[in-house]
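Here's the structure we're looking at; comments come further down.
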Amino acid sequence: MNAYNNENNNDRVIPQAEGRLLEFAKSELFEKTFREGMDLVEETAAYLDGPGRSDSRKLSRGDALVYASQSMRLTTKLMQVASWLLVQRAIKENEMELHEARESKYRIVSDKKPEDKLSFEGLAKASLVLPATLLDLCARAEQLYERISRLDRSLYGTIEAQAGNSVADQINRLKSEFKK
């Protein structure tokens, strides 16, 4: 395949992937996911600012530290989810261009779990002293985060793969080296 055909193929495929992104942003699935995410953000904020404060005061010093750590982790995940959802809504409402939404600052950050850190499931098993409401919010946030992360990879990963076709890039680099 020559460079001209490859460029024409990319010219057709990227708009198809962007069309898929627009279709998702305008879908009922997005509306449901958006509402679920924003409801979870509100529910979490209400808990952490209200009953969660009194729940944390009942814990031992060490357990209160675990509580604080997990509530910060929970808040960070939900902020990333809310940000991603708001970008998709901005696309839907033509308040943001697709090329802007593809920037890495708007993407979901991979949640790398170091081996020495407890997952939410591990936390639930290992720390029976944490409030059930916090554990429930953490588990639900983790599930939502994973779902949004998969959507992000599916919707934006396709566009990135097409925009930076590594095989074509390597061939072009080889051609330019041999011309020297």
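The values are calculated or read from the model by the stated rules, or taken from the named source; none is laboratory data. Being a predicted model, the structure only gives us computed values, none of them experimental. No Cβ is skipped: glycine too gets one built from the backbone with ideal geometry, and neighbour counts run over all protein chains shown.
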How many residues are closer than 14 Å to residue 140 by Cα and buried (at least 18 other Cβ atoms within 10 Å of the Cβ) if we restrict to segment 25-40? 3
List the pairs whose first member sits in segment 20-35 and is farther than 10 Å from residue 155 by Cα and touching a residue at least 60 places away in the same chain (Cβ under 8 Å), whose second member is among the charged types (D, E, K, R) and assigned to a helix (DSSP H, G or I), and whose Cβ atoms are under 9 Å apart, counting only residues at least 6 apart or on separate chains? 25/89; 25/92; 26/92; 30/89; 30/92; 33/147
Mind counting the residues in segment 50-63 that are within 13 Å of residue 133 (Cα to Cα) and loosely packed, with under 13 Cβ neighbours inside 10 Å? 3
Result of the Cβ filter at 9 Å on segment 51-75, keeping first residues that are over 27 Å from residue 38 (Cα atoms) and in contact (Cβ under 8 Å) with a residue 40 or more places away in the chain and partners that are of a type in the set (Phe, Trp, Tyr) and surrounded by 18 or more Cβ atoms within 10 Å (Cβ to Cβ), at least 6 apart or interchain, is 59/67
Unique match (being free of Cβ contacts under 8 Å to residues at least 24 places away in the same chain, surrounded by 14 or more Cβ atoms within 10 Å (Cβ to Cβ) and over 11 Å from the mean Cα position of the chain (by Cα)) among 90, 101: 90
Can you name the helices (runs of 4 or more DSSP H) wholly within segment 1-106 that have at least 3 residues being at pLDDT 95 or above and not charged (D, E, K, R)? 28-49, 51-57, 61-92
